[in-house]
Each structure stands twice: as C-alpha cells, then as structure tokens.
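Asks: What follows is a structure written as structure tokens; I'll ask about it next.
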Amino acid sequence: MPDLDLLIIGSGSGNTILTDEFADWTVGIVEQGRFGGTCLNVGCIPSKMLVLPADRIVEAAEAARLGVHFAPPVVDWPAIRDRVFGRIDPIAESGRTFRREQPGVALFEGPAKFTDRNTVIVDGEEITAREVVIATGARPMLPEIDGLAESSAHTSDTIMRIDSIPEHLVIVGGGYIAAEMGHVFSALGSRVSIVHRGARLLTAEDHDVSERFTESFRRRAQLHLNSQVTSIRRASGTTEVRFNRVDSSGRSSPASMSADAVLVCTGRVPNTDRLGLEHTSVELTPDGRIETDDELRTAQAGIWAIGDVRSALQLKHVANHEARVVRHNLLHPESPRRIDERHVPHAVFAEPQIGAVGLREIDLIAAQIPYRAGRRDYSGTAYGWALGDEVGFAKVLIHADTEQVLGAHIIGVQAATLVQQITTAMQFEIPAGRLARDQLWCHPALTEVVENALLDALE
C-alpha cells in the first residue's frame, strides 16, 4: 500500500501542479481515461483546431463581396481530423509515458474512489496520501430523452473523431459547444439543424450578443427554437429526432426530422458522483460541484479541488490558474495564495466569434447597479469598413458614478482578443475614462471598436 505525500486525481490541469519543486515529494497521479484531460483530448484544443479550417471556408465564401472569388472548397475530412489527433494523441501518450517513468511519481490507471479522507482505491489498489488534489473535471450531460441511450448519438467527446462528415447533423442544445460544432460542420459541408429549448442561442451571453448571434447563425443552420426533444431513435442507418415546438402564442406542436448523426450538447456535469466523497467531509454544491474556499481547500483537511469539478465557469484558463494557486499552497502553507476570479474572460469560437468579461446588462439591472452602456458597430470604424462587417459590435458597461468598467461583450472578428484589454482594465481598476482617453489607439486597427464603445458609454 503506497504512502504518498501527494495524490492528484486527474491528469488535466492537475498534472501541471507538478514541477521540480516537488522532487523531494512522493507523488501519485490517477487517470482513468486519456492522459491530459478534457482540454487536450476532447475540448478546447481539438475543437479550435477544427474551427480553423471552418473559419477559412467561411472567409473564402465571404470574399466574394470584396471582389475575390474562390472555387468551392474540397474538404478532406480524414486529413483535417488526422492533423488534429495526429498531433494531440502523441502529446497525450508522451505525457503518460513521462509520468510513468518519472522518479518519485507513480501513475495509477483506473477510476478512483475514496474510502476515507486520505485513502483512495484505484483498480483494487489502496493508496494513502497526506494531501489529495481532486481534478477530475466534468463530462457531457445526457438528458432524459426517450431512446437516447440506444441511438448512438454523439457528444463532444466523440463527434470530433467521426469517420465522415454527416450529410445532416442535428444538434440538441444551444450553448457554446453547439455553436462551435455547428460552425465547424456547417462550414465543412453538413446541413446543420439545431433543436434548442430556448428562444435564442447562447442565452448565457449578454442579451444583445445572444440575439445578434442567433440572427447571424440562421444563415448557417436551421434553427428550431423553443423546442424540446422528446425522443431520438436510430434505425436503418438514420436517426429520427422527435420534438415539440412552442409557437409565439404558446401552442405546442409535434415535429420530427431524420438525421445522419446527432450531437447532444446540453451541458456538462462535474465528475464527483463516482468518487466516494461520502466517505470524506468534502461538501458539494446543489449542482454537484466541490465546495472550496479561496485557497482551494475543501471542507476536508488535506483535500483540495481545482478545475471543472469545482468551478461553474468550466474554463481551462481558470483551471490552470487554480493549479498554480494549489501548487504554491502545497509548497508554502505558511504563506497561502488565494484565487481571484472576479474578472474572468471567456470566448465562443464560432462564426461570428464572441468574447466577454464581467457582468451582463441583465445582471446590472437585477442588482440595481447604476450603469451606462456604450456600443460601437464594427461597421462604424475604419477597419470595420475594410472588413465590410455588418454583424460585429462591441458593448461596454461602466458604473454611472465611478466609471469603472463592469463588463464587456463583443461579437465579431477577433472578439476573443479584443476583450482582453477590457479584462486588464477591470482587473487593475482602470476607469473607462483613463482607458479610452489616456492612451493612443492604433488607427486604423480593429481595437478602435473598443475605444469608441468606451467613449460612447462616457459621453
């Protein structure tokens, strides 16, 4: 029975905790799936590698309005897919090999389950550890839909490795995974239909952004909004998707369609339900996430948690930040660090792209915070003219009295990059007036859309 100084359950961001500073520690890592976690294997990295060729196809199609005409694209899906996983799979395997052969580190492969506060069983082997970090991430949520389990429907874990592009792809859900995968497969040649229970796509975004994205994405996919899937059944090589849709008067009517493939992306759930946490004092939130303090300690002494298993944000950059905090706190318990997640940017890499940080307008109204909103369309700036952009805009929200930036919501080309300067201003409490007026903004650069949105809020 190994006695370890540290056991890390999960090889995603948890794996990044280990540095040379742990050379004198005995360490174990547990992984039951592909080494490297969600982001590397089934999340942000492969999906963005697929978004890139999709972006190129959309850009080529839109070039006609600039006077440049391309022949219809020839999509070699196996080459696209194999480029992605031909790079990712060796990285995952080399990471596994490195940890397996590293002195002072033991790799345990299989599901982990606590039997008490510092004892975990993996594949029948008992492991004890002085400190345990839970970094088990999250997995796709499968809703209660009649026939779903037998339908061979895909999730984000499987859709990126399929053998061929489906002629008709039905996507169940309207969040960021639906938007990104809808963009990818629509660009690569699928007819995409989205069935979503909400009135808009990306309803977690600011209302104006969600509304504009929905309007724009109608050109790429058939949207069945205000619709609830009732059954999914696979037979004779096709899948029938049945759903009820509600019209503007509130009347419900049944509908159905056949698909070559179905992608279910209705959210993700934290991987806490199979860990045996009932044998510890670790506390969970109502939605199953692990509760921690701002030093990332759980209610059970000696157990820490990072990443999607604890954070509702479920973002890789948050998990990496948390890993750095836990690393420091394990090594320097006398001077612990705390996480600061006040201003966390996020992005949706669809077409159009979205970048956002901070509060939405609806949040400010609900909290009765006095604010001013500023907005500038891409088409109202010089670079926007060059782009011929008719969709994109930047929206900023500032406090009516202090002029501190409270949030920013951008949709359009390079939105994920443009939002970072706003994140910096929020983190370091640079008021909107200083940010807009006390620096020179490059002309004619796309950043002027942010400058002008700030000025609109100020003036």
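Asks: Quick check on the range 170-194: of everything there that is touching a residue at least 40 places away in the same chain (Cβ under 8 Å) and touching a Gly at 6+ places or on another chain (Cβ under 8 Å), which residue is nearest to LEU142 (Cα to Cα)?
Replies: GLY173
Asks: Got a number for residues in the range 90-116 being out of contact with any Lys or Arg (no Cβ under 8 Å at 6 or more places or on another chain) and crowded, with 16+ Cβ neighbours inside 10 Å? Walk me through how you get there before you give the answer.
Replies: Applying the first criterion (out of contact with any Lys or Arg (no Cβ under 8 Å at 6 or more places or on another chain)) to the range 90-116 yields 90-91, 93-104, 106, 108-110, 112, 114-116.
Now restrict to residues that are crowded, with 16+ Cβ neighbours inside 10 Å: 95-96, 99, 106, 108, 112, 114.
Number satisfying all stated conditions: 7.
Asks: Residues that are aromatic (Phe, Trp, Tyr): find the strands (runs of 3 or more DSSP E) completely inside the range 214-323 holding 2 or more of those. Show your work before the answer.
Replies: Working: elements: 222-224, 227-235, 238-246, 252-259, 261-264, 268-270, 303-305.
So the answer is none; nothing clears 2.
Asks: Which one of ALA425, ALA453, ALA394, ALA416 is in a strand (DSSP E or B) and under 27 Å from the mean Cα position of the chain (by Cα)?
Replies: Numbers: ALA425 fails: in a strand (DSSP E or B); ALA453 fails: in a strand (DSSP E or B); ALA416 fails: in a strand (DSSP E or B).
Just one listed residue meets the conditions, ALA394.
Asks: Okay, next question. Of the residues in the range 244-284, how many are polar (S, T, N, Q) and within 18 Å of LEU315 (Cα to Cα)?
Replies: Adding up the residues that qualify gives 3.
Asks: Can you name the number of the only condition in (1) of a type in the set (D, E, K, R); (2) part of a loop (DSSP other than H, G, I, E, B); (3) in contact (Cβ under 8 Å) with a residue 24 or more places away in the chain that ASP363 fails?
Replies: Condition not satisfied by ASP363: (2).
Asks: Answer yes if at least one residue in the range 322-340 is at pLDDT below 95 and either within 17 Å of GLU291 (Cα to Cα) or of a type in the set (A, V, I, L, M) (or both), and no otherwise. Full working, then the answer.
Replies: From the range 322-340, those at pLDDT below 95 are 340; that's our starting set.
Going one step further and asking which of them are either within 17 Å of GLU291 (Cα to Cα) or of a type in the set (A, V, I, L, M) (or both), we end up with 340.
Checked the range 322-340: at least one residue is at pLDDT below 95 and either within 17 Å of GLU291 (Cα to Cα) or of a type in the set (A, V, I, L, M) (or both).
Asks: Related question: Of everything in the range 216-236 that's touching a residue at least 24 places away in the same chain (Cβ under 8 Å) and among the charged types (D, E, K, R), which residue is nearest to SER186 (Cα to Cα)? Walk me through it before giving the result.
Replies: Initially, the range 216-236 is screened for residues touching a residue at least 24 places away in the same chain (Cβ under 8 Å), giving 216-217, 220-234.
From what's left, among the charged types (D, E, K, R): 220, 233-234.
Numbers: ARG220: 6, ARG233: 23, ARG234: 22 Å.
For the range 216-236, the residue satisfying everything is ARG220.
To keep it simple, each residue is scored yes or no on (1) at pLDDT 95 or above; (2) closer than 28 Å to SER227 by Cβ; (3) surrounded by 22 or more Cβ atoms within 10 Å (Cβ to Cβ).
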{"position": "THR266", "(1), (2), (3)": "yes, yes, no"}
{"position": "THR272", "(1), (2), (3)": "yes, no, no"}
{"position": "SER281", "(1), (2), (3)": "yes, no, no"}
{"position": "PRO286", "(1), (2), (3)": "yes, yes, no"}
{"position": "HIS317", "(1), (2), (3)": "yes, no, no"}
{"position": "ILE354", "(1), (2), (3)": "yes, yes, yes"}
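Asks: Okay, next question. Return the residues of the range 17-69 that are under 22 Å from HIS346 (Cα atoms), not in a helix (DSSP H, G or I) and not hydrophobic (A, V, I, L, M, F, W, C); say none if nothing qualifies. Don't jump to the end; show me each part of the working.
Replies: First pass over the range 17-69, keeping only residues under 22 Å from HIS346 (Cα atoms): 36-55.
Filter again for not in a helix (DSSP H, G or I), leaving 36, 42-43.
Residues satisfying the conditions are GLY36, GLY43.
Asks: Which condition breaks for ASP401 when tested against (1) touching a residue at least 40 places away in the same chain (Cβ under 8 Å); (2) in a loop (DSSP other than H, G, I, E, B)?
Replies: Condition (1) is where ASP401 drops out.
Asks: Could you tell me whether VAL84 is touching a strand residue (DSSP E or B) at 6+ places or on another chain (Cβ under 9 Å) and either at pLDDT below 95 or surrounded by 15 or more Cβ atoms within 10 Å (Cβ to Cβ) (or both)?
Replies: On the way: touching a strand residue (DSSP E or B) at 6+ places or on another chain (Cβ under 9 Å): no; either at pLDDT below 95 or surrounded by 15 or more Cβ atoms within 10 Å (Cβ to Cβ) (or both): yes.
No: the conditions fail for VAL84.
Asks: Further, regarding this structure: Give the residues of the range 133-153 that are part of a loop (DSSP other than H, G, I, E, B) and on the phi < 0 side of the Ramachandran plot, sorted by residue number.
Replies: So in the range 133-153, the residues part of a loop (DSSP other than H, G, I, E, B) come out as 135-137, 141-145, 147, 151-153.
The answer is ALA135, THR136, MET141, LEU142, PRO143, GLU144, ILE145, SER151, ALA153.
Asks: In the set SER248, SER258, SER253, SER231, which member is within 22 Å of ILE165 (Cα to Cα) and in the same structural domain as ALA178 (by TED's automatic domain parsing)? Let's see the steps before the verdict.
Replies: Values: SER248 fails: within 22 Å of ILE165 (Cα to Cα); SER253 fails: within 22 Å of ILE165 (Cα to Cα); SER231 fails: within 22 Å of ILE165 (Cα to Cα).
Only one candidate passes the filter, namely SER258.
Asks: List the pairs whose first member sits in the range 411-426 and is within 22 Å of SER216 (Cβ to Cβ), whose second member is at pLDDT 95 or above and among the charged types (D, E, K, R), and whose Cβ atoms are under 7 Å apart, counting only residues at least 6 apart or on separate chains?
Replies: ILE411/ARG212
Asks: Could I ask something else about it? Can you tell me which residue in the range 1-21 is farthest from GLN414 (Cα to Cα), limited to those that are out of contact with any Asp or Glu (no Cβ under 9 Å at 6 or more places or on another chain) and surrounded by fewer than 20 Cβ atoms within 10 Å (Cβ to Cβ)?
Replies: Residue satisfying both the conditions and the ranking: ASP3.
Asks: Test SER156 against the criterion of being under 21 Å from GLY307 (Cα atoms), among the small types (Gly, Ala, Ser) and not in a strand (DSSP E or B), and give yes or no.
Replies: On the way: under 21 Å from GLY307 (Cα atoms): yes; among the small types (Gly, Ala, Ser): yes; not in a strand (DSSP E or B): yes.
Against the criterion (under 21 Å from GLY307 (Cα atoms), among the small types (Gly, Ala, Ser) and not in a strand (DSSP E or B)), SER156 qualifies.
Asks: Quick check on the range 166-189: of everything there that is assigned to a strand (DSSP E or B) and under 17 Å from ASN226 (Cβ atoms), which residue is farthest from the chain's Cα centre (by Cα)?
Replies: First, the residues of the range 166-189 that are assigned to a strand (DSSP E or B): 168-172.
After this cut, where a residue has to be under 17 Å from ASN226 (Cβ atoms) as well, the list is 170-172.
On the way: VAL170: 20, ILE171: 17, VAL172: 17 Å.
Across the range 166-189, the extreme among qualifying residues is VAL170.
Asks: Please verify whether ARG234 is at pLDDT below 95 and touching a helix residue (DSSP H, G or I) at 6+ places or on another chain (Cβ under 8 Å), treating the condition exactly as stated.
Replies: Working: at pLDDT below 95: yes; touching a helix residue (DSSP H, G or I) at 6+ places or on another chain (Cβ under 8 Å): yes.
Considered against the rule, which asks whether it is at pLDDT below 95 and touching a helix residue (DSSP H, G or I) at 6+ places or on another chain (Cβ under 8 Å), ARG234 comes out as yes.
Asks: So which residues in the range 22-72 are surrounded by fewer than 16 Cβ atoms within 10 Å (Cβ to Cβ) and of a type in the set (Asp, Glu), if there are any at all?
Replies: ASP24, GLU59, GLU62
The values are calculated or read from the model by the stated rules, or taken from the named source; none is laboratory data. Since the structure is predicted, the reported quantities are computational estimates derived from the model, not experimental observations. Every residue, glycine among them, receives a Cβ derived from its backbone with ideal geometry; neighbour counts consider all protein chains shown.
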